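Inspection log for the structure reproduced underneath, given as structure tokens.
The values are calculated or read from the model by the stated rules, or taken from the named source; none is laboratory data. Worth saying up front: this structure is predicted, and the values here are computed from it rather than measured. FYI the Cβ positions are ideal-geometry reconstructions off the backbone, even for glycines, and counts take in every protein chain you see.
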Amino acid sequence: MKQTTPLSPCARHYIVGLITAAMLGACSPASQHSAAVTSPVKAEQAAMKASQSISERPYGHLADGTEVKLVTLKNAMGVELDVISYGGIITRLLTPDARGQLDDIVLGLDSLDDYVAGSPYFGALIGRYGNRIANGRFSLDGETFQLDTNDGVNHLHGGVKGFDKQVWDMQSFTTEHSVGVTLTLISPDGDQGYPGTLVTQVVYELDNDNQLDIGFSATTDKPTIINLTQHSYFNLAGQGDILEHQLMIPAASITPVGEGLIPTGEFMAVAGTPFDFRTAKAIGRDIEADHPQLKLGLGYDHNFVLKAQPDNELILAARVSEPTTGRVLEVLTVEPAVQFYSGNFLDGSLNGKGTDYGQRSGFCLEPQHHPDSPNQSHFPSTVLRPGQTYQSRIVYRFTTE
């Protein structure tokens, strides 16, 4: 495996400065509102802006002394989001139910030490490559690269020290109708076995329409692969299992998996199977059905195909509603697929926020390119080359019914 060449602090700050101006304006969701920020602000808009807030405090230190910060974003409607610089992790997300009662709808742990000791990617940014790569190996331009194998013989979510376990630079911002934070990370050439120095920027922007808009961008100095996503575990009731949540995914097919949950390379129609969520149904309705794919994943842990090829069109990837609270989560993305994971491997051994996280106490909806795409030539490409800018977008929309 190629060894990582660490960057000096001066080099890191220099590169961050160079890319921030180039990438933030073009790729940040905040740039969509630049005209509004400079326009006259009406009285009601000023009052709304005044009720927005951003605060920052220390969250802890890693063993090497690196400080980790926590930023709290609060919009004018009372929605609050906590994000820490370690892993870009969303540790808390308060949203209202149909009666206006706020509750935390994401699974999380109680301290930095808990996240470092072991977390199943609760709330984290995932990179360089979300999901699995078979045997941790891929070829690009005639050269074979061996990545860390941290999921049996396979590579999962960026490796032993993926983006979920690295400290990001964080800078907060405010616009006329939103609050946000920009996270920047430099992944050096050879990091976890990946080629090229990758400069990544992620923007979390919480607006006053109760939308969390997440913009991703990245550049590289060598050909590489990339597949970024966000890995929050949701429970719209706040606690308990998620089996009665009503889920709709407008996907006609999945990429079925074999051993190790690696895609076989085929596409399987969902019609007539437990994977048909084109009409909303309870997550738990078919989760114990006698189907070989469910047995492999111990439930749902599959890639649902949304479009044949990626493009810049923001589409609905999933809609989830919770009948007792009336909360609704819509997930929109430009990605060609979404991984639906029903929390099958949670076993009660993790505790946070005053509860034990048992099996299926949270669900994940991770927009992405298909797993193992570097080894499946007919899947949409995840190659990024020098001179190109990787861009992606996920929107979480919170409403009630």
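What the table shows:
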{"read-out": "ALA46 more than 21 Å from the chain's Cα centre (by Cα), at pLDDT 95 or above and among the aliphatic types (A, V, I, L, M)", "value": "no"}
{"read-out": "Residue count, segment 333-350 (criterion: in contact with a Phe, Trp or Tyr (Cβ under 8 Å, 6 or more places away or on another chain), farther than 21 Å from ASP311 by Cβ and touching a residue at least 12 places away in the same chain (Cβ under 8 Å))", "value": "7"}
{"read-out": "Restricting segment 109-138 to residues that are within 16 Å of the chain's Cα centre (by Cα) and of a type in the set (Lys, Arg), the residue that is surrounded by the most Cβ atoms within 10 Å (Cβ to Cβ)", "value": "ARG128"}
{"read-out": "Subset of segment 219-261 (residues that are hydrophobic (A, V, I, L, M, F, W, C) and on the phi > 0 side of the Ramachandran plot)", "value": "LEU261"}
{"read-out": "Qualifying position, being out of contact with any Lys or Arg (no Cβ under 9 Å at 6 or more places or on another chain) and in contact (Cβ under 8 Å) with a residue 60 or more places away in the chain, among GLY136, GLY130", "value": "GLY130"}
{"read-out": "Subset of segment 73-89 (residues that are touching an Asp or Glu at 6+ places or on another chain (Cβ under 6 Å) and under 9 Å from VAL179 (Cβ atoms))", "value": "LYS74"}
{"read-out": "Filter result for VAL71 (farther than 13 Å from PHE173 by Cβ, buried (at least 16 other Cβ atoms within 10 Å of the Cβ) and at pLDDT 55 or above)", "value": "no"}
{"read-out": "ARG393 vs. criteria in contact with a strand residue (DSSP E or B) (Cβ under 9 Å, 6 or more places away or on another chain), closer than 26 Å to ASN75 by Cβ and surrounded by fewer than 21 Cβ atoms within 10 Å (Cβ to Cβ)", "value": "yes"}
{"read-out": "Single match in THR264, THR224, THR273 (criterion: over 28 Å from GLY162 (Cα atoms) and among the hydroxyl-bearing types (Ser, Thr, Tyr))", "value": "THR273"}
{"read-out": "Listing of strands (runs of 3 or more DSSP E) fully contained in segment 108-182 that carry 1 or more residues being β-branched (Val, Ile, Thr)", "value": "124-126, 143-146, 169-175"}
{"read-out": "Members of segment 156-182 found to be buried (at least 22 other Cβ atoms within 10 Å of the Cβ), among the aliphatic types (A, V, I, L, M) and in contact (Cβ under 8 Å) with a residue 40 or more places away in the chain, listed by number", "value": "VAL179, VAL181"}
{"read-out": "Members of segment 82-107 found to be touching a residue at least 40 places away in the same chain (Cβ under 8 Å) and under 29 Å from PRO188 (Cβ atoms), listed by number", "value": "VAL83, SER85, TYR86, GLY87, GLY88, ILE89, ILE90"}
{"read-out": "Residue match in segment 134-148 (condition: basic (Lys, Arg) and under 30 Å from LEU73 (Cβ atoms))", "value": "no"}
{"read-out": "GLY299 vs. criteria under 16 Å from the mean Cα position of the chain (by Cα), under 17 Å from ASN131 (Cα atoms) and in a loop (DSSP other than H, G, I, E, B)", "value": "no"}
{"read-out": "Some residue of segment 90-108 being at pLDDT below 95, surrounded by fewer than 22 Cβ atoms within 10 Å (Cβ to Cβ), farther than 24 Å from PHE216 by Cβ and out of contact with any Phe, Trp or Tyr (no Cβ under 8 Å at 6 or more places or on another chain)", "value": "no"}
{"read-out": "Among residues of segment 362-378, those that are surrounded by fewer than 21 Cβ atoms within 10 Å (Cβ to Cβ) and part of a loop (DSSP other than H, G, I, E, B), counted", "value": "3"}
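Matching residues to (1) buried (at least 16 other Cβ atoms within 10 Å of the Cβ); (2) at pLDDT 95 or above; (3) not polar (S, T, N, Q):
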site: LEU294; (1), (2), (3): yes, yes, yes
site: ASN303; (1), (2), (3): yes, yes, no
site: GLN339; (1), (2), (3): yes, yes, no
site: ARG360; (1), (2), (3): yes, yes, yes
site: GLY387; (1), (2), (3): no, yes, yes
